[in-house]
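K.L.:
Below is one structure. I have some questions about it.
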Amino acid sequence: MSLPDITLPVASFSPLYKQIKAMILASLQASEWLPGEAIPSEMELAARYAVSQGTVRKAIDELAAQNLLVRRQGKGTFVATHQEDEWQYRFLRLAPDIGEKFHLTNQFLSCEKIKATAYTAQLLKLKAGDPLIHIDRVQSFAGKPIVFEEIFLPGVRFKGLNLDALNAWHGPMYAFYEEQYATHMVCAEEKIKAVVADEVLAKHLHLTQGAPLLSVERVALTYGNKPVEIRHAKYDTSERHYENKLH
């Protein structure tokens, strides 16, 4: 007589520093510490969670490696923010073929309320027909337009956003999300392919119709891997390139 197959439960174990990391992340998600603010010291967090400083340090090291926290020598540990110069364009991989990296200027063309299509709803984990905000903008360098973007945002999270508010803001978009909507972008996923300029893109980017462009679809996520923005960008790469570092 053969015995029936029995599947034994597999014990799950999470190292203590991982548990502390999850607790710190929960505080970030709850906006206990806002972007740009200092978090409590390692000693204070160790007392708070009743663990050693070494355990807290290891948890913070991982969050810093994920660009969620920033260590500053002699000052402490801070919540990462897109308002700092070195972080403003952290997700932008466009770089000039020759010379220094550049800062782009914005021209917002439109900001309107629409309904989510099945595709945008899937990317933002919403339902088809849910309210979205659709933004068109052109970004320029030295007076030359080089990027055309369509941006899609969940209407509920970004309630009240309009063209006047966008045009009144002179910093990067992700800093605007932090300042006005307590939404911090922590990572992004992109799909890239080559396309050609149609009549509309050629007009916005001052190119001839059929000129080559780089198309980048980005989904940006906030804490908890929650998608909160879609960008469809078209880059003129005639004098610049898309730069990425693989580790």
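The values are calculated or read from the model by the stated rules, or taken from the named source; none is laboratory data. In this text, all values refer to a predicted model and were calculated from it rather than measured experimentally. Neighbour counts are summed over all protein chains in view; Cβ atoms, including those assigned to glycine, are modelled from backbone coordinates with ideal geometry. Accessible surface areas use protein heavy atoms only, side chains included; no ligands, DNA or RNA. Shrake-Rupley method; radii C 1.70, N 1.55, O 1.52, S 1.80 Å.
K.L.:
Counting residues that are at pLDDT 95 or above, which strands (runs of 3 or more DSSP E) fully inside the range 203-247 reach at least 1?
P.N.:
Per the criteria, 212-222, 226-235.
K.L.:
Take the range 143-189 and flag every residue that is among the aromatic types (Phe, Trp, Tyr) and out of contact with any strand residue (DSSP E or B) (no Cβ under 6 Å at 6 or more places or on another chain).
P.N.:
Listed by number, the residues that qualify are Trp169, Tyr174, Phe176, Tyr177, Tyr181.
K.L.:
Continuing with the same structure: Name the residue, out of Arg57, Arg48, Arg71, that is touching a Phe, Trp or Tyr at 6+ places or on another chain (Cβ under 9 Å), modelled with pLDDT of 85 or more and loosely packed, with under 15 Cβ neighbours inside 10 Å.
P.N.:
Working: Arg57 fails: loosely packed, with under 15 Cβ neighbours inside 10 Å; Arg48 fails: touching a Phe, Trp or Tyr at 6+ places or on another chain (Cβ under 9 Å).
The unique qualifying residue is Arg71.
K.L.:
Looking only at the range 77-124, count every residue that is more than 21 Å from Ala165 (Cα to Cα), modelled with pLDDT of 95 or more and of a type in the set (A, V, I, L, M) and tell me the total.
P.N.:
So the answer is 5.
K.L.:
Does Ala175 satisfy the condition of being small (Gly, Ala, Ser), open to solvent by less than 30 Å² (accessible area, probe 1.4 Å) and either over 30 Å from Glu32 (Cα atoms) or touching a Phe, Trp or Tyr at 6+ places or on another chain (Cβ under 6 Å) (or both)?
P.N.:
no
K.L.:
Checking the condition open to solvent by 30 Å² or more (accessible area, probe 1.4 Å) and of a type in the set (Gly, Ala, Ser), which residue from Ala142, Ala116 passes?
P.N.:
Result of the check over Ala142, Ala116: Ala142.
K.L.:
Let me ask something else. Counting only residues that are in a loop (DSSP other than H, G, I, E, B) and either at pLDDT 90 or above or closer than 15 Å to Ala64 by Cβ (or both), how many does the range 7-35 have?
P.N.:
Qualifying residue count, the range 7-35: 2.
K.L.:
Applying the selection to the range 190-218, what residues are touching a residue at least 60 places away in the same chain (Cβ under 8 Å) and either touching a helix residue (DSSP H, G or I) at 6+ places or on another chain (Cβ under 8 Å) or open to solvent by less than 80 Å² (accessible area, probe 1.4 Å) (or both)?
P.N.:
Residues satisfying the conditions are His204, Leu205, Arg218.
This table checks each residue for (1) in contact (Cβ under 8 Å) with a residue 60 or more places away in the chain; (2) under 30 Å from Leu34 (Cα atoms); (3) open to solvent by less than 60 Å² (accessible area, probe 1.4 Å); (4) assigned to a strand (DSSP E or B).
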position	(1), (2), (3), (4)
Leu123	yes, yes, yes, no
Gly129	no, no, yes, no
Arg157	yes, yes, no, no
His184	yes, yes, yes, no
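K.L.:
Within the range 159-172, can you find the residues that are crowded, with 17+ Cβ neighbours inside 10 Å and farther than 23 Å from Gln66 by Cα?
P.N.:
Scanning the range 159-172 gives Leu161, Leu166.
K.L.:
Right, next: Note down all Cβ pairs under 9 Å where the first residue falls in the range 165-176 and is within 15 Å of Ile133 (Cβ to Cβ), the second is assigned to a helix (DSSP H, G or I) and open to solvent by 40 Å² or more (accessible area, probe 1.4 Å), and they're at least six residues apart or on different chains.
P.N.:
Ala165/Gln180; Trp169/Glu179; Trp169/Gln180
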